[in-house]
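Step one of this worksheet: look at the structure below.
The values are calculated or read from the model by the stated rules, or taken from the named source; none is laboratory data. Everything numeric here is computed off the predicted structure, so don't read it as measured data. Note that we place each Cβ from the backbone using ideal geometry, even for glycine, and neighbour counts take in every protein chain shown.
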């Protein structure tokens, strides 16, 4: 999952990036509303954590612009504003959830997982594909009941492909989902991850569409 954090508090922003990367997610961080709108217009994210009190354009303006453009990315408002009127306004403008600072990190990560499940049409925190089981909350993968050790990027890649089973994902799309802006990417790194997943699971799992990208076939 690729998450965009929009937060102008440096200490909180850095802390959120660190915590969410521990979930094996790709995390990008911006500190103002104008940059957030530009990023959401040009790139694909799975979820946004949005502060309201950000400079240049506040969170309400960002939310209004994003929903006005037809972008349905799940948005969780994370703010110190605890007035009912602010909550109502945020939710009416299209936010999917609202969490007031100070907050418990475990609650935040649980809400993020719940929003992503809802967006994917999942009812369980376990992602299943044939004999493969992924549990994002525990960063766990099993295949035919056997525990499979997956580093963060392999886990993120496998999750991305399984959640989009039946769809060809271009290399650029996969890179956006697995890597954040501040993470370096060697020229053949993605191919190496795919190779490792095929070896740890089974060779036919991921099919390469030459010159385009990758696909995990939809199950019958």
Are there any helices (runs of 4 or more DSSP H) wholly within segment 1-118 with 3 or more residues that are closer than 20 Å to residue 155 by Cα and within 19 Å of the chain's Cα centre (by Cα), and if so which?
10-21
Can you name every residue in segment 158-183 that is part of a helix (DSSP H, G or I) and modelled with pLDDT under 95?
159, 160, 163, 171, 172, 173, 174, 175, 176, 177, 178
Criterion violated by residue 127 - all others in (1) over 20 Å from residue 203 (Cβ atoms); (2) at pLDDT 95 or above; (3) crowded, with 18+ Cβ neighbours inside 10 Å satisfied
(2)
Kindly check whether there is at least one residue in segment 164-176 that is touching a residue at least 40 places away in the same chain (Cβ under 8 Å), surrounded by fewer than 19 Cβ atoms within 10 Å (Cβ to Cβ) and under 24 Å from residue 109 (Cβ atoms).
yes
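A quick yes/no check of all residues on (1) buried (at least 17 other Cβ atoms within 10 Å of the Cβ); (2) without any contact (Cβ under 8 Å) to a residue 40 or more places away in the chain:
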| position | (1), (2) |
| --- | --- |
| 18 | no, yes |
| 26 | yes, no |
| 29 | yes, yes |
| 42 | no, yes |
| 45 | yes, no |
| 49 | yes, no |
| 52 | yes, yes |
| 55 | no, no |
Quickly run through segment 129-156 and pick out the residues that are closer than 25 Å to residue 176 by Cβ and outside any loop (DSSP other than H, G, I, E, B).
129, 132, 134, 135, 140, 141, 152, 153, 154, 155, 156
